[in-house]
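Novice: Got a structure for you, written out below as structure tokens; questions coming shortly.
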Amino acid sequence: MSSNNFSDRFLNAVGSDLNLIERALTNKLHDYIQLKTLVALIAGESSQQAKAVVKAELYHACYVGQLKAERIPGKPGIPIQSGFTAGPFSETNTKVVDATDDDYIIHRDNARRYFQWLGAMPEEGTPLSCWLRGKTADESRKLREDQQDKADFQQMAIERWRISPQMRITGPNGCAQIVGKAYVQKYTPDTVEGWAREVAPEGVKGKRGRPKKISVAQRK
């Protein structure tokens, strides 16, 4: 039996014959995608100027760590000289060929937490939403968002407590407000505080945040 038969089935399974949007809607994009691919999912049919702005914003978010990504160093390129000599005149030009900019690859989980942090999640069933959720268009519309939101928030809370192990759960400087600001607005403070308690360090679970200030009028 020819190996081409399996080769064709493999390429069909991974969606090699589909365009970017079709691969996203059928959940055949990789868990990790390049920054330029994420730009295409966000910008869609937008103008080149809009795509350039989206790319610049994402690049900055990756560079400063707001959007966690793995950096792929670019290449400086090869300088090549060309020119001519005509009588007393000569001209030499140098251009760089094969240069590439730095790039990033981004995991869907980190991208999803970044958009949630921004408070700018895409509509369910769109190509970007399907990739972020790891679901097809039909599955994405049926997914319970609160389960995914809880898992994302708790992962970010755990990472924050590794850096600040004494951070409290409640209060204006507590984990629920600092890490879960977007979730508090979407659900309720009590809900997000409950999520935080499930993963909080043992020494933090019983601590309360700074109490609200009570005015003189309220005391009477």
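Novice: Give the number of residues within segment 36-86 that are part of a strand (DSSP E or B) and of a type in the set (Val, Ile, Thr). Even if it seems obvious, please write down each step before you answer.
Specialist: So in segment 36-86, the residues part of a strand (DSSP E or B) come out as 70-72, 75, 78-86.
Still in the list and also of a type in the set (Val, Ile, Thr): 72, 78, 80, 85.
Total meeting the criteria: 4.
Novice: Let me ask you something else. Given (1) open to solvent by 40 Å² or more (accessible area, probe 1.4 Å); (2) more than 25 Å from residue 108 (Cβ to Cβ), where does residue 158 come up short, assuming only one miss?
Specialist: (2)
Novice: Further question on the same structure: Residue check: is residue 136 without any contact (Cβ under 8 Å) to a residue 40 or more places away in the chain and surrounded by fewer than 21 Cβ atoms within 10 Å (Cβ to Cβ)? Steps first, please.
Specialist: Numbers: without any contact (Cβ under 8 Å) to a residue 40 or more places away in the chain: no; surrounded by fewer than 21 Cβ atoms within 10 Å (Cβ to Cβ): yes.
For residue 136, the condition - without any contact (Cβ under 8 Å) to a residue 40 or more places away in the chain and surrounded by fewer than 21 Cβ atoms within 10 Å (Cβ to Cβ) - is not met.
Novice: Here's a check for you: in segment 112-126, which residue that is open to solvent by 40 Å² or more (accessible area, probe 1.4 Å) and in contact (Cβ under 8 Å) with a residue 60 or more places away in the chain is farthest from the chain's Cα centre (by Cα)?
Specialist: Residue satisfying both the conditions and the ranking: 119.
Novice: Restricted to segment 21-59, and to residues that are open to solvent by 50 Å² or more (accessible area, probe 1.4 Å) and of a type in the set (A, V, I, L, M, F, W, C), which residue is nearest to residue 137 (Cα to Cα)?
Specialist: 25
The values are calculated or read from the model by the stated rules, or taken from the named source; none is laboratory data. Just so it is clear, the model here is predicted, and its values are computed rather than measured. No Cβ is skipped: glycine too gets one built from the backbone with ideal geometry, and neighbour counts run over all protein chains shown. The area values use the complete protein model at the heavy-atom level, side chains included, leaving out ligands, DNA and RNA. Shrake-Rupley method; radii C 1.70, N 1.55, O 1.52, S 1.80 Å.
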